[in-house]
Amino acid sequence: MINRLISRFNRYKNNYSKKQIFNDQFETFKRNDINCKLSCERADIYPCLNDNTNITEFDAHYIYHPAWAARIIKSLNPTEHTDISSILYFSTILSAFLPVKFYDYRPAEVSLSGLKSEKIDLTNLFFEDNSIESLSCMHTIEHIGLGRYGDQIDPDGDIKAINEIKRVVKKGGSILFVVPVGNPKIMFNAHRIYDPIMIIDFFSGYSLKEFSLITDDGQFINGAPLSLGKTQTYGCGCFWFIKNT
């Protein structure tokens, strides 16, 4: 009880201090804004009290894995790239450099040159067998079949989706595949977590070209050992697979 009260007091003290600093900064700005180029009134304040940090903070999962994939795609230099339901920022930026087709169960109504966006069901892709040269599906499969995004409940939805992306890639083509790794479990209805060896087994008929890892403490390890992935609580496993010829 005492520890809880102390913690509550410390949070209150920190918040009070931030508010006081904000008010002091506002009054200082007003005093020094001699030219008054733009109105600056208390009625229009928009306090941002948590951004004064020593370093720029970021979500390691969603900074590193698109950067990892972009570097591989640059090395592959495909004529076009297909992305299925990865974070949309990835496809929109990549489309500045090569044609990109983006597909999602909840289609993105985005309009940009070089980018095509359509709806798709990842468990039943409408692409022909062996038709895609370069494909990414990142931080997506772990959600399939859990209902989080309006999809049907299906305990095997992830396996069905993996089999579909395996089917549509050309022989010799690449899949950039990203999922949470660690102690395998389902955290319903958010996501699944996989042992990296499970993913290797799911991708029979493919060779693992590279495994990279974003660890629990936010480190990016290029060319990490698979065994390290299993030791994470919620790591980010980045798999580059090539379809066997």
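Results, tabulated for the structure shown:
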| quantity | calculated |
| --- | --- |
| Top-ranked residue of region 126-176 - restricted to ones that are among the small types (G, A, S) and free of Cβ contacts under 8 Å to residues at least 60 places away in the same chain, ranked as surrounded by the most Cβ atoms within 10 Å (Cβ to Cβ) | A161 |
| Residue match in region 77-93 (condition: crowded, with 22+ Cβ neighbours inside 10 Å, assigned to a helix (DSSP H, G or I) and not aromatic (F, W, Y)) | yes |
| Which listed residue, of G173, G229, is assigned to a strand (DSSP E or B) and of a type outside the set (A, V, I, L, M) | G173 |
| Region 54-80 residues that are assigned by TED's automatic domain parsing to the domain that holds S131 and more than 20 Å from T140 (Cβ to Cβ), paired with ones that are of a type in the set (A, V, I, L, M) and surrounded by fewer than 17 Cβ atoms within 10 Å (Cβ to Cβ) (beta carbon under 9 Å, 6 or more apart) | N77/L98; T79/L98 |
| Out of N77, N10, N15, sole residue that is within 33 Å of the chain's Cα centre (by Cα) and modelled with pLDDT under 95 | N15 |
| Qualifying residue in region 197-204 (condition: closer than 21 Å to L76 by Cα, assigned by TED's automatic domain parsing to the domain that holds A96 and part of a strand (DSSP E or B)) | no |
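So that you can scan it fast, the table gives a plain yes or no per residue for (1) assigned to a loop (DSSP other than H, G, I, E, B); (2) out of contact with any Lys or Arg (no Cβ under 9 Å at 6 or more places or on another chain):
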{"residue": "K101", "(1), (2)": "no, no"}
{"residue": "A108", "(1), (2)": "yes, yes"}
{"residue": "F127", "(1), (2)": "yes, no"}
{"residue": "L135", "(1), (2)": "no, yes"}
{"residue": "A161", "(1), (2)": "no, yes"}
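Results for (1) among the hydrophobic types (A, V, I, L, M, F, W, C); (2) more than 14 Å from the chain's Cα centre (by Cα); (3) surrounded by 21 or more Cβ atoms within 10 Å (Cβ to Cβ), shown as yes or no for each residue.
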| site | (1), (2), (3) |
| --- | --- |
| N189 | no, yes, no |
| M198 | yes, yes, no |
| F202 | yes, yes, no |
| G235 | no, no, yes |
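The values are calculated or read from the model by the stated rules, or taken from the named source; none is laboratory data. Predicted, not measured: the structure shown is a model, and the values here were computed from it. Because the Cβ atoms are built from the backbone with ideal geometry, glycine has one as well, and the counts that use them run over all protein chains shown.
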